[in-house]
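Colleague: I'd like to ask some things about the structure below.
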Amino acid sequence: MKTKLLLGLLVATLAFALPHVLAQAPPLAVQVTSPPPAPLLEVLSPLPGARTDKDTVTVRYKLNPLAPPTDNFELILDDHDPVHTTETEYTFTDLKAGPHRLIIQAVDADNIPIAGTRHEMQFFVVKPSTPPPAPHAALTVPPGSASPWPLLLIIGVGVVVGGLASARRTRPASKIARSR
């Protein structure tokens, strides 16, 4: 009985208070956003911020199908003169170590940039690590063969012991008599 009474009191309170609470609550604002549009020019490689230890970089890119049709591209590396090409791949050579800024954009037949196709990025050329020096040919052991060091140790000990024994046999008789 008490449970029904408490439950009824709770329902009555909620029924009375709920309209007042909802009236004072700020309206819910729902904003629907669409994903950002795909870039009109997509760089496939190198990735922004990429590091390479080579002095060449091959840039690969493609136009989004929604971009205005063109077969002309302009690439600007650092502060050098623009390179114009109809290919979607270009290799820069003789790059110095350090950061490099690259701008790629589609251009029309008069080399005027097409709006929305500019892509700017940075990549880094690092000095290649120095390879270790080649081992000396006389000290190398072919794979699968035994090391020569145990044999050389035995020969060395034999030479020392043989030399001492030889020296003992060649001492004058007078020195041998004194040592006894």
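Colleague: Which condition from (1) assigned to a loop (DSSP other than H, G, I, E, B); (2) small (Gly, Ala, Ser); (3) modelled with pLDDT under 75 is the one that GLY49 breaks?
Modeller: Answer for GLY49: the failing condition is (3).
Colleague: Another question, if that's okay. What is the number of the single condition among (1) of a type in the set (Lys, Arg); (2) touching a residue at least 40 places away in the same chain (Cβ under 8 Å); (3) not in a loop (DSSP other than H, G, I, E, B) that LYS54 does not meet?
Modeller: (3)
Colleague: Return yes when VAL59 is in contact (Cβ under 8 Å) with a residue 40 or more places away in the chain and not polar (S, T, N, Q) and no when it is not.
Modeller: When the stated conditions are applied, VAL59 passes them.
Colleague: While we're looking at this one, here's another question. Give the number of residues within the stretch 59-76 that are acidic (Asp, Glu) and assigned to a strand (DSSP E or B).
Modeller: 1
Colleague: Turning to a different aspect of this structure: In the stretch 83-131, what residues are among the small types (Gly, Ala, Ser) and assigned to a strand (DSSP E or B)?
Modeller: GLY98, ALA106
Colleague: Can LEU22 be described as more than 27 Å from HIS100 (Cα to Cα), part of a loop (DSSP other than H, G, I, E, B) and at pLDDT below 90?
Modeller: No; evaluated as a whole, the condition is false for this residue.
Colleague: Here are the criteria: (1) surrounded by 13 or more Cβ atoms within 10 Å (Cβ to Cβ); (2) touching a Pro at 6+ places or on another chain (Cβ under 8 Å); (3) modelled with pLDDT under 95. Tell me which single one ILE76 does not satisfy.
Modeller: Every condition holds for ILE76 apart from (3).
The values are calculated or read from the model by the stated rules, or taken from the named source; none is laboratory data. Predicted, not measured: the structure shown is a model, and the values here were computed from it. Here Cβ is always computed from backbone atoms with ideal geometry, including for glycine, and neighbour counts include all displayed protein chains.
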